[in-house]
Amino acid sequence: MLIEWIQRNRTEKRSPSGFSLMEMLVVISLITMLMSFLLPALGKAKTNAKRALCASQVRQLTTANVQYLDDHGDIFPPHRALNMNTGPNWYQLLESYGNNAELSHCPELGGTQIDYGVTWQWSYNYNYIGYGYNGFFLGLFSHPAPQTGGTYISVERWTNANRVKDTSKLIVFADSHPKTNAGTNHGVSLTLWWPFINRFTEGVNGNRHIGAGIVGFQDTHAEIVSDPENTIQPSVDGSPEFIEYWDPLQRQP
Ligand SMILES: [Zn+2]
């Protein structure tokens, strides 16, 4: 039966390339099958590479921050200088210390993005860089004290780096969450913890890099944190859970 099939196909009209239609179809289907095996592996390798690149960038941001501290009497940069609404943001203040558009931009973000049903185009600006700063505890803070529904921690302005209890635990920068408000204010949060804590927008974004978020610490190391929801996130109810990662003085409410 197989011999008959081969003989029949041998008598088929050959294309100028010397292949029969059947042979070409078999080759095409083989290539398609190979691609279906290879593409997911390639996609995963690309995602892993971006995660490693992000970790490297966040680490360099923490280094830029330490250099900023050296020049500013060990006082952490403000979330935003001069005026909370119009001054340069923290990542712009770090530009004199080696930060640039490449470093302060999570490599997973780019092109067309869809968050909470809102489609937006990525570009380099303060709404879109994808990294947040622990600005509530570390930066100048001029908003009212947080009301999170439970006991809350008051913060001091102009935190001094010499008072940090454990530099290996203190979060400075991390992948941040997309904003939930649609319309013109879409994008990605520039802060990791803001007075009115909303778990959808505050804390480390654990969905950015294959179920993990990149976190940069004050001792200038960066970690790929898997499942940050259960290991590192700020408390939404004022409980002291994981406060050591957020409050430089590790105060217990
Ligand atoms: Zn990232």
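Where a number appears in this text, it was derived from the coordinates with a stated rule and is not lab data. Note that the structure is predicted; figures quoted are calculated from it, not measured. Positions of Cβ are generated from backbone atoms using ideal geometry, with glycine treated the same way; all protein chains shown enter the neighbour counts.
Results, tabulated for the structure shown:
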read-out	value
Thr167 paired with Thr86, simple spin-label distance in nm, labels 7 Å along Cα-to-beta-carbon	3.7
Computed label-point distance, nm, for sites Asn125 and Val66 using a 7 Å Cα→Cβ extension	3.4
For Asp115, residues with placed amide H under 5 Å, excluding near neighbours	Trp120
Net charge over other residues, Cβ less than 9 angstrom from the Cβ of Leu170 (K, R count +1; D, E count -1)	-2
Distance between modelled label sites at Trp158 and His221, nm, 7 Å Cα→Cβ extension	3.2
